[in-house]
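Engineer: Structure provided below as structure tokens; questions to follow.
The values are calculated or read from the model by the stated rules, or taken from the named source; none is laboratory data. A quick note: this is a predicted structure, and the numbers were derived from the prediction, not measured. Using ideal geometry, Cβ is built from the backbone for each residue, glycine included, and neighbour counts are taken over all protein chains shown. SASA here: full protein model, heavy atoms, side chains in, ligands and nucleic acids out. Shrake-Rupley method; radii C 1.70, N 1.55, O 1.52, S 1.80 Å.
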Amino acid sequence: MSSSSKRNEKMESNIASKRVKTECSYGERCYRLNPAHLREFSHPHSKNFIKESTSTHVKESNELIQDLPQSSHTNRLSVSDGSKLNANKEMDLEKDKRRDEREKSKSPVHQIVKGEYIPIIVPTRKPEQFLKVVIPPGGMAAKHAATAPYHIFYTTITDSKETHRQTNSITFLEILDRSLGELKCSLQINFMVEPGWLLAQYYFAGYSGKKLTILYGDDCGDMKSLSKKKPNVDAHYVSMATPFGKHHTKMMLLCYEDGSLRVVISTANLYIDDWENRTQGLWFSPACPPLPVDSMPHDGESPTLFKRSLLRYLHHYQMPQLSYYVDWVKKCDFSHIKWGMTRTGALLRQHCCIPPRDNTKWPLIAQASSLGSYGKEPKLWLTGDFLHHFTKIKDQPQMMTAAAELKLIYPSLQNVRQSHDDLLGGGCLPYAAAVHAKQPWLNDYLYQWQAKSIHRNKAMPHIKSYTRVSPDNKMAAYFLLTSANVSKAAWGSLNKGNRALRIMSYEAGVLFLPKFIINEDLFPLDRNATNRLMLPYDIPPVKYTSDMSAWVSDYLS
């Protein structure tokens, strides 16, 4: 039985707290130990505290939209364990369903063709009834303008009220805010997708009938049947050549009725937990306006060749379903986009302006939500090829010099314990104990997750970021926001024979270079500085104490 069918049963039978869960097919290999997943699937191998923690989390949560909208006008709803739908809500839902069936027969929304206008469908429900944090609509354009020149956002944290008022905090619903323009269609590229949650966001934005294309990497029964239930949604699983590779990219293309386009590069999966109490990062591009009708596809290129990089990435899928979006990108002007898709080492060699004599004094701060298997000693990859490419600079002497210091920010067990979700906060940190046991030397490079300055200290990081900071912590040479963790699968490993680079996963990121963004050599980090770059953690980073241990996913099994 599919997950969506089970959710229907949950609502209709009104016995959510007694529903028998399906055992997770991943078994002991499961790394999706987060509240949403644990509500849906049982884990017999798990310890009792997971059951207790999940129960507490669910009872304290608000009503959650868990089911797919069954028509273009309404959502079928289920509620958290321990709650009951009252009779009035059940009657309202039935009335909505009957009305929608009548309107569906005369609505053209299922006949999507290029150029056809699909009207906005005003939701009959209020998002405040079902979403935990709702920012009043209509203000996203002003908020976006206020975050210039970076347009970097961090997800709003449900249990951190301070983040609800921050200019650079964002909810998913704000991404669809109509102050940015009326959406015509959109492409969501991601790893994990919870379709009910995602479609609920589009429903509340008024876009439940608009064309939506989804590429996803985590195989799921709900996604396989999604197009049959929602004909305006086109969902495709991206298979990988190796079981060790993941379709890990998190990207959005938002196409508007006026022909413009925005690109969002994100670190968040498209499901509820990643948008509640986890620290995520997004770059939300300015609008790319349409080019004149007689323009060539290569017109409107940016100084960093962003348009070419984006098109090359989309072409790599070799999927005819993307031709619609490829054409849209070709017809837009990206000349004002001053960010580059990651080709990190080569770009840093061209543009990173750390003085060569000081290169070893600027540490690389690599912050991730998962760590890889690096070998018996750090120089085999971590402080070898990886560190070498991330510490390249302009006008670097050809002779090899001493390596810069590496500071690896990754939550400790103690960091996770104090999170908003207690140990379940570590559900987004899939680093295994068996891997860590083979590389005990890694402890020398580990630094704690601390983000008190931006009120995310208790929101465990699913964000991935890389930067180099001056010895006095006042300047940064660059900032990289990406879906890529510190792993060989994400960044690649060089073949010993022919030095060919082998990368197993799909990843995407945006590299921020001072030269292009603020016309300076370095980014200021001081709180009162003009054009300050706000990092997602506190600096200087704090090293693990002697009694700390790295978080491993085995703590949840």
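Engineer: Taking D234 as the residue in question, decide whether it is modelled with pLDDT of 95 or more and in a strand (DSSP E or B). Before the answer, list the steps.
Structural biologist: On the way: modelled with pLDDT of 95 or more: yes; in a strand (DSSP E or B): yes.
When the stated conditions are applied, D234 passes them.
Engineer: Something else about it: What are the residues in the stretch 319-353 that are of a type in the set (V, I, T) and modelled with pLDDT of 95 or more, if any?
Structural biologist: Step one: list which residues in the stretch 319-353 are of a type in the set (V, I, T), which gives 326, 329, 337, 342, 344.
Once the filter is applied, which keeps residues that are of a type in the set (V, I, T) and modelled with pLDDT of 95 or more, the stretch 319-353 yields V326, V329.
Engineer: Now a separate question. Just to be sure, is I409 touching a residue at least 12 places away in the same chain (Cβ under 8 Å), under 26 Å from the mean Cα position of the chain (by Cα) and surrounded by 19 or more Cβ atoms within 10 Å (Cβ to Cβ)?
Structural biologist: yes
Engineer: Inside the stretch 455-557, counting only strands (runs of 3 or more DSSP E) that do not spill past its ends, which hold 1 or more residues that are touching a strand residue (DSSP E or B) at 6+ places or on another chain (Cβ under 8 Å), among the hydroxyl-bearing types (S, T, Y) and surrounded by 22 or more Cβ atoms within 10 Å (Cβ to Cβ)?
Structural biologist: 464-469, 475-482
Engineer: How many residues are under 21 Å from D444 (Cα atoms) and assigned to a loop (DSSP other than H, G, I, E, B) if we restrict to the stretch 403-433?
Structural biologist: 9
Engineer: How many residues does the stretch 282-313 hold that are at positive phi and open to solvent by 40 Å² or more (accessible area, probe 1.4 Å)?
Structural biologist: 1
Residue by residue, here is whether (1) open to solvent by 10 Å² or more (accessible area, probe 1.4 Å); (2) farther than 25 Å from I135 by Cα; (3) touching a strand residue (DSSP E or B) at 6+ places or on another chain (Cβ under 9 Å) holds:
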| site | (1), (2), (3) |
| --- | --- |
| L183 | no, no, yes |
| Q188 | no, no, yes |
| W197 | yes, no, yes |
| G209 | no, no, no |
| I214 | no, yes, yes |
| K224 | yes, yes, yes |
| D234 | yes, yes, yes |
| A241 | yes, yes, no |
| H248 | yes, yes, yes |
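Engineer: Then there's this: Could you tell me how many of the residues in the stretch 351-367 are of a type in the set (V, I, T) and either open to solvent by 10 Å² or more (accessible area, probe 1.4 Å) or over 11 Å from Y445 (Cα atoms) (or both)?
Structural biologist: Qualifying residue count for the region: 2.
Engineer: Restricting the search to the stretch 257-272, which residues are open to solvent by 10 Å² or more (accessible area, probe 1.4 Å) and either under 27 Å from L424 (Cβ atoms) or part of a strand (DSSP E or B) (or both)?
Structural biologist: R262, Y271, I272
Engineer: Any residue at all in the stretch 390-402 that is within 31 Å of the chain's Cα centre (by Cα), modelled with pLDDT of 90 or more and part of a helix (DSSP H, G or I)?
Structural biologist: Yes.
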